[in-house]
Amino acid sequence: MKSFVSIVLSAVVTAVFFEGVLVLWCFVNISQNEKVSKPQVVEVEPPPEIDPLPPVTPEPKPERQSETSPPEREEPEVVNESTKFVGPPQPEARLPFVMNISRFDNGLMLQGSIPSKEVKDAIFQAAASAVEGGEVFNRLKYSPKTENPEWLPHLPEMVLTFFAHTGGEHELTIVDERLILGGSVPEEGAKAGILAMAGEFSSGALKIESELPIDSKLMGKLPEFSRQKPEVVLAEAEASVPGVLDETPENEESSEGERETVEDRSFYGPAVGPPEEENAVVYVSTSKGESKTPTTSMETEEATETSKPKKPIRDDGKPLIFYFETGSAEILPDDREKVQRAIQRASTPRSIVYITAYADHRGSYQLNKKLSLARAERVRDAIFSGQIADEVTAEITAKSDSQSEKRNVGGKVSDEALRRSRRVVVEVYHLKS
């Protein structure tokens, strides 16, 4: 009996214990849930005070113009995009004058913009004369928008004198109102002469900068200093300065009616054919090359024929043809033997040596005519320097443009056709007794 009571008591005590534990657990959970669900209060600073915006005053409406008064015209405004500066329209400014002539291979390279076509051609001719047979690469461009200074007509003379009396890597540059001279001179007198001429040339309009060292090795290779006058006539160029410009573009149609692009003749200048009424220069020389007053004949094949004696007898040999490099009047080494043959043919008394010179179509008419004349005179002097008979005369005909060139497809001329055009033809006739 006692054991049964003990068991019941133990069960009751255990049940009471677990019930107390369960009540305690429930109380703890309820307390934690109340803490989590309770909202937290965060203090927030009030926003700063903002000043109220000023009242907007409406702009007054423009007064309406009367119907009788015309509306005012506003001047156009020019906006510079780099600075956003607004101002009145600016007058069109001319391009600054820039030119450079420097050593290139065995000749000269000409670059720049020239406002006169006559002066541009004269500069090319002066450079060709200065290098004596060396090749001249002409990249001078005619630009009517370039500044036209007063010293421009004298620039060819400056170019010819400078490059004829300097050596080495000589260079002449005009930029930013400066005349820059570089190169070697044989002696102090040549240097002083060049600098004096440079100052006289620009009349103080250009600042002279020079580097002209003395090179005694050039002594004897260069001529003694003297003012060199170009063979070309610059009367038209001088008349165009200042202010009067030739407005004809470089690619204007030539007298042949063919339009050529600037690129086709960028190294040779514009191709301007001779007018039909132009004459060729004819010189009549006595024996030993003594020149008489030049005469003229029309530049046609018929005129050449009528200028010969009525009953001449040509020798048995064929015409002798001398070919020349571009811009050069020097006889090529391969043609020296032809000079001796011409001397032999002129050994008969009362002979007449007819010398006809040509230039290819590139370049201006006036310059090509003078170049043809220089070639003819060089051949004549070479022939008359030999042992020829008495009473032998030479008649020279200088032509500006050869008519024998055949154009290829595309309107261009082959190099071989150009080479054959740069020629001097020598014929020897004997008069009947």
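The values are calculated or read from the model by the stated rules, or taken from the named source; none is laboratory data. Quick caveat, the model's predicted, so the values are computed rather than measured. Methodologically, a virtual Cβ is constructed for each residue, glycine included, from the backbone with ideal geometry; neighbour enumeration extends over all protein chains shown.
Please specify each residue of segment 400-430 satisfying the condition of being modelled with pLDDT of 70 or more and either among the basic types (Lys, Arg) or in a strand (DSSP E or B) (or both). First the steps, then the outcome.
Quick first cut of segment 400-430, residues modelled with pLDDT of 70 or more only: 414-430.
Passing the criteria: 419, 420, 422, 423, 424, 425, 426, 427, 428, 429, 430.
Screening residue 190 against (1) hydrophobic (A, V, I, L, M, F, W, C); (2) closer than 26 Å to residue 119 by Cβ; (3) out of contact with any His (no Cβ under 7 Å at 6 or more places or on another chain) leaves a single unmet condition, (3).
Pick from 135, 147, 171: which is in the same structural domain as residue 224 (by TED's automatic domain parsing), in contact (Cβ under 8 Å) with a residue 24 or more places away in the chain, closer than 19 Å to residue 218 by Cα and acidic (Asp, Glu)? Exactly one residue qualifies, and that residue is 171. Looking across segment 174-190, the residues that are part of a loop (DSSP other than H, G, I, E, B), touching a strand residue (DSSP E or B) at 6+ places or on another chain (Cβ under 8 Å) and surrounded by fewer than 21 Cβ atoms within 10 Å (Cβ to Cβ) come down to 177, 187. A single entry from 362, 375 fulfils the requirement of being closer than 30 Å to residue 121 by Cα and modelled with pLDDT of 85 or more: 375.
When you scan segment 381-391, do you find a residue that is modelled with pLDDT of 85 or more, aliphatic (A, V, I, L, M) and out of contact with any His (no Cβ under 7 Å at 6 or more places or on another chain), even just one? Yes, some residue in segment 381-391 is modelled with pLDDT of 85 or more, aliphatic (A, V, I, L, M) and out of contact with any His (no Cβ under 7 Å at 6 or more places or on another chain).
Within segment 91-121, being in a strand (DSSP E or B), more than 13 Å from the chain's Cα centre (by Cα) and touching a residue at least 60 places away in the same chain (Cβ under 8 Å) holds for one residue alone: 103.
Between 162, 201, the distinction of being in the same structural domain as residue 111 (by TED's automatic domain parsing), in contact (Cβ under 8 Å) with a residue 12 or more places away in the chain and under 19 Å from residue 131 (Cβ atoms) belongs to 162 only.
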